[in-house]
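First up is the structure itself, then whatever we jot down about it.
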Amino acid sequence: MPTYALRLGGTPVGLRPDDFFKYSTAIFVVSSDAVLLLLVILIARGLRFRETFALRSPSSWRRAIVIGFATLVLAYTISFLEESLVSGAGREQGVPEFWDPTRLGAWFANLFAIAVFVPIFEESLCRGLGYALFEPLGKAAAVLITAVAFTLAHGVIVDIPVILSIGIGLGYLRASTGSIYPCIALHGFFNGLGLVVAALVARG
């Protein structure tokens, strides 16, 4: 909630664009998410691990690809509309606005953190443990509740429609395929593509 109060007050919060060119950022993201992932695993202690975290092959990779593609199209369409209607939309999460080739190693370290490690943690929490805990209420409820929690956890305002659409798509993907693996892949692709595109179009 403090994050939302700061954003509404016009105070910049979260990562700054320059942070993506620092090794310290990648180290902090990976280490903090590793601790949180450990807590998630500890909370799930006593539950059937593979079933709780859906650690199994998807029932259909074809279905997973179709749902993933549809989710990306919807999210990018909403993002495009936001950019057209709201000045500065899409910058809430600190995507780099410039490129620094002298710090390429740090950029790749942060790409790994954001496109690989963060999706593993967030999907384990939301589409893994979270989905399993709410699934007794019905698949639709599990998808919606975890999507809303996923969105609120990002602390965004303008980007709420984009993050919520991704969250719903990820939840539906989990419900439809019975696996967390496509969710991690889709999440990682979305995060990674954002950084790569930003680097390609960034100014020096």
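Here, each number is a calculation from the coordinates, and none is a lab measurement. Fair warning: this is a prediction, and the values are worked out from it, not measured in the lab. FYI the Cβ positions are ideal-geometry reconstructions off the backbone, even for glycines, and counts take in every protein chain you see.
If a/c stays under 1.5 just call it rounded; otherwise compare a/b with b/c (prolate if a/b is bigger, oblate if not). Do that for region 25-174, with a ≥ b ≥ c from the square roots of the Cα gyration tensor eigenvalues. Judged from the Cα gyration tensor, region 25-174 comes out oblate (a/c at least 1.5, b/c at or above a/b).
Centre-to-centre, using Cα atoms only, region 21-46 and region 125-193 are separated by 18 Å. Modelled label positions at ARG56 and GLU83, each set 7 Å beyond Cα in the direction of Cβ, lie 4.0 nm from each other. Between ARG48 and ILE157, the simple spin-label model (points 7 angstrom out along Cα→Cβ) gives 4.5 nm. Our summary gives region 22-136 a relative contact order of 62 percent, counting only alpha carbon pairs under 8 angstrom and 6 or more residues apart. Using θ = phi - 60° in the Karplus curve 6.51 cos²θ - 1.76 cosθ + 1.60, the 3J(HN,Hα) couplings for region 126-131 round to 7, 8, x, 4, x, 4 Hz; x is entered for Gly and Pro. Taking 0.36 nm per residue of separation and subtracting the Cα-Cα distance, full extension of the segment from PHE98 to ILE41 would add 16.8 nm. Need one word for region 25-66: rounded, prolate or oblate. Basis is the Cα gyration tensor (sqrt eigenvalues a ≥ b ≥ c); a/c below 1.5 gives rounded, then a/b vs b/c decides. It is oblate, given that a/c is not under 1.5 and a/b is not larger than b/c.
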